[in-house]
């Protein structure tokens with residue numbers, strides 16, 4: 001059995017949670033730039049909001065990496081479970097078009 005450190009698991013999940021919050025706050029800041037009144041407020045305090053934007057962008061990088069990792073995993077799973085475009089015959093077995101097959105490994 002693989003030893004699991006509960007403290008490391010809790011700190012890792014907390015780190016990812018903070019990263020998700022940073023990504024949401026960065027999205028909120030970008031949406032706020034679309035509002036004319038909020039844009040004037042942000043540009044009046046440009047240095048502070050610029051620094052905030054840099055910290056939020058850096059804080060959201062682990063979330064973006066996690067999403068990229070999940071997307072690559074999903075693509076790998078799709079490659080291992082393709083749908084047949086045409087009918088395939090394997091000995092006595094006839095697989096019609098549209099059949100989803102499972103491949104152990106590429």
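Filtering the stretch 77-87 to residues that are over 26 Å from residue 17 (Cβ atoms), exposed (fewer than 12 other Cβ atoms within 10 Å of the Cβ) and free of Cβ contacts under 8 Å to residues at least 24 places away in the same chain leaves 78, 81, 83, 85, 86, 87. Residues in the stretch 28-57 that are in contact with a helix residue (DSSP H, G or I) (Cβ under 6 Å, 6 or more places away or on another chain) and not in a helix (DSSP H, G or I): 33 only. Residues in the stretch 58-84 that are outside any helix (DSSP H, G or I) and at pLDDT below 95: 4 in all. Pairs linking a residue in the stretch 62-73 that is on the phi < 0 side of the Ramachandran plot and surrounded by 11 or more Cβ atoms within 10 Å (Cβ to Cβ) to a residue that is part of a helix (DSSP H, G or I) and modelled with pLDDT under 95, with Cβ atoms under 6 Å and 6 or more positions apart or on different chains, do not occur.
Annotation note: of 9, 1, the sole residue that is surrounded by fewer than 11 Cβ atoms within 10 Å (Cβ to Cβ), without any contact (Cβ under 8 Å) to a residue 24 or more places away in the chain and under 20 Å from the mean Cα position of the chain (by Cα) is 9.
The values are calculated or read from the model by the stated rules, or taken from the named source; none is laboratory data. Given the structure is predicted, the values throughout are model-derived calculations rather than measurements. Cβ: placed from backbone, ideal geometry, glycine included. Neighbour counts: every protein chain shown.
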